[in-house]
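Colleague: Below: one structure in structure tokens.
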Amino acid sequence: MALYPCVQCDEECVDCTIQCSCCDRWVHSACVPMDDALLLAWSDVSLKFLCKDCCFTDNKYDMAKALE
């Protein structure tokens, strides 16, 4: 069992990952997908990243939650 499983693929998160600001779980940048430049931009502490589980409600994109 992975200590930090990816929200998308369930594999261990080690490198090139981003943490969800809502649930604190990790996701591989490649699983989002997010290139290195975007990953670097999101590493700014003032930006919040939400994983798929935290920005979808009833299988629909929850704009209000994503913009919190």
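The values are calculated or read from the model by the stated rules, or taken from the named source; none is laboratory data. Fair warning: this is a prediction, and the values are worked out from it, not measured in the lab. Backbone-built Cβ (ideal geometry, glycine too); neighbour counts: all protein chains shown. Only protein heavy atoms, including side chains, enter the accessible area calculation; ligands, DNA and RNA are left aside. Shrake-Rupley method; radii C 1.70, N 1.55, O 1.52, S 1.80 Å.
Colleague: Helix-derived [θ] at 222 nm for the chain: sum -39500 (n - 2.57) over DSSP H runs of at least 4, divide by residue count, nearest 500?
Modeller: The per-residue figure over the chain is -4000 deg cm²/dmol.
Colleague: If you take the charge dipole of the chain about its Cα centre, with +1 on Lys and Arg Cβ and -1 on Asp and Glu Cβ, which of 9, 19, 56 is farthest toward its positive end?
Modeller: Checked the options; the winner is 56.
Colleague: On to the next question. Probe radius 1.4 Å, ligands and nucleic acids ignored: give me the carbon and sulfur share of the accessible area of the chain as a rounded percent.
Modeller: For the chain, the apolar C and S fraction of the accessible surface comes to 56 percent.
Colleague: Okay, next question. Taking a cut-off of 14 Å, what percent of all Cα-Cα pairs in region 17-65 are separated by more than that?
Modeller: In whole percent, the share of Cα-Cα pairs in region 17-65 beyond 14 Å is 51.
Colleague: Oh, and also: Within the set of other residues whose C-beta is less than 15 Å from the C-beta of residue 38, count the net charge using Lys and Arg as +1 and Asp and Glu as -1.
Modeller: Details: positive: 48; negative: 35, 36, 44.
Local net charge: -2.
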